[in-house]
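Data block below; observations after.
The values are calculated or read from the model by the stated rules, or taken from the named source; none is laboratory data. Values in this document were obtained by computation on a predicted structure and should not be read as measured data. In this analysis, Cβ positions are derived from the backbone assuming ideal geometry, glycine residues included, and neighbour counts consider all displayed protein chains.
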Amino acid sequence: MKVLGIETSCDETGVAVYDAERGLLAHRLYTQVAMHAAYGGVVPELASRDHVRKTVPLIREVLAAAGLAMKDLSGVAYTAGPGLIGALLVGAAIGRALAWSLNIPAIGVHHMEGHLLAPMLEDDPPPFPFVALLVSGGHTQLFRVDGVGHYTLLGESLDDAAGEAFDKTAKTLGLGYPGGPALEKLARQGRAGRFRFPRPMTNRPGLDFSFSGLKTHALNTFAGSGGDAQSKADIARAFSEAVIDTLAIKCRRALKQTGLRTLIAAGGVSANAALRERLASIAREMKGRVYYPKPEFCTDNGAMIAYAGWRRLAAGQREPLSFKAHPRWPMSELPAV
Ligand code: KG4
Ligand code: ZN
């Protein structure tokens, strides 16, 4: 079974083909970052239009790279939500129409399920059950995962997502958009101990998060710092440490609470090297193990959508001929597999 995956939920067009026997055959990503950078963030209308321009050429490229013709495909998966409605509709319309024209099944994939299952693309995939930390630009969530579609929400951010806090703090420090990777780089030049940021919601029980206070803390610290290059780096360092420490404390708590030893981290922020190191040391301490996607599959991509779509198509799930996109879509609404 060869499944084409299409991701268009935000500012990247991702396309891939996953083969049940041979694994990932090919994948391509086109990022709109340069176009949105001038505006300091994603402009939804421009995002939709760019997906219209890029999706079909990328599908052709991926099929050529995989040495496949359209007729070799046995299913099409597209991101059906959550995300920007206009952007989602582009991938959904193209994906659903393509499947109809080829007379093969289609499936609408939940973007966060794509992230959650991305570690399964690696050679040494995590065994169920596990605790999943999903950290992206729109979500910060902890799940207990007992299988595909068996997700129990343990905790989530009550306000900003971790990635959003990275992006807003990066903006404060003048690092442009998207800020996560730039802020990570700057933090490496920062000195430890000059500033100390709070670890929100860690001194009370529970697994929820709150990151909007940290971004305000960064803003106030910056205003009182003189704004020189070293101060910026020191703030980046203190901010990163606070976010990473907070995520790590809650991951350890989630492992303790569930009695599980396996942790996975996925979503854009899980590309952060300092976070990966920190979670690895927690897993060691708990005599367990942490799994990640490779960094390029931490951020948005088509491979994770092709993989998640394949798992659902292989289980017989299908989308009707009409299609839907869901800007908001709780993962608890997904059917079990
Ligand atoms: O998963 P993703 O590509 O898109 C969403 O589904 O939101 O995540 C993007 C988010 C952005 O907020 C970006 O700044 C953040 O992930 N990010 C990082 C790093 N790479 C991406 N944050 C911290 N460190 C990184 N290395
Ligand atoms: Zn994402």
- For Gly86, state whether it is more than 16 Å from ligand 2 (Cβ to nearest atom) and either part of a helix (DSSP H, G or I) or in contact with a His (Cβ under 8 Å, 6 or more places away or on another chain) (or both). yes
- Message: Step by step: first the residues of segment 251-268, then only those that are assigned to a helix (DSSP H, G or I) and of a type in the set (A, V, I, L, M), then the one that is surrounded by the fewest Cβ atoms within 10 Å (Cβ to Cβ). Which residue is that?
- Response: Ala254
- Note on the structure: Condition set part of a helix (DSSP H, G or I) and away from ligand 1 (no atom under 16 Å from the Cβ), scope segment 275-305, selection surrounded by the most Cβ atoms within 10 Å (Cβ to Cβ): answer is Ala283
- Looking only at strands (runs of 3 or more DSSP E) that fall completely inside segment 110-206, which ones have 1 or more residues that are of a type in the set (Val, Ile, Thr), at pLDDT below 95 and under 21 Å from Thr262 (Cβ atoms)? none
- Note on segment 157-167: residues out of contact with any Phe, Trp or Tyr (no Cβ under 6 Å at 6 or more places or on another chain) and more than 15 Å from ligand 2 (Cβ to nearest atom) are Leu158, Asp159
- Task: Output yes when any residue across segment 185-200 is surrounded by fewer than 20 Cβ atoms within 10 Å (Cβ to Cβ), near ligand 1 (Cβ under 10 Å from one of its atoms) and either more than 23 Å from Phe297 (Cα to Cα) or not aromatic (Phe, Trp, Tyr) (or both), and no when none is.
- Result: yes
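Kindly check whether there is at least one residue in segment 160-170 that is under 25 Å from Pro205 (Cα atoms), touching a residue at least 12 places away in the same chain (Cβ under 8 Å) and surrounded by fewer than 20 Cβ atoms within 10 Å (Cβ to Cβ).
No, segment 160-170 contains no residue that is under 25 Å from Pro205 (Cα atoms), touching a residue at least 12 places away in the same chain (Cβ under 8 Å) and surrounded by fewer than 20 Cβ atoms within 10 Å (Cβ to Cβ).
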- Quick one: which of Ala271, Ala248 is aliphatic (A, V, I, L, M), within 12 Å of ligand 1 (Cβ to nearest atom) and crowded, with 17+ Cβ neighbours inside 10 Å? Ala271
- Message: Anything in segment 231-270 that is within 16 Å of ligand 2 (Cβ to nearest atom) and in contact with a Lys or Arg (Cβ under 9 Å, 6 or more places away or on another chain)? List them, or say none.
- Response: Ala265, Ser270
- Message: Name the residue that is surrounded by the fewest Cβ atoms within 10 Å (Cβ to Cβ), counting only residues in segment 1-48 that are among the hydroxyl-bearing types (Ser, Thr, Tyr) and away from ligand 2 (no atom under 16 Å from the Cβ).
- Response: Tyr39
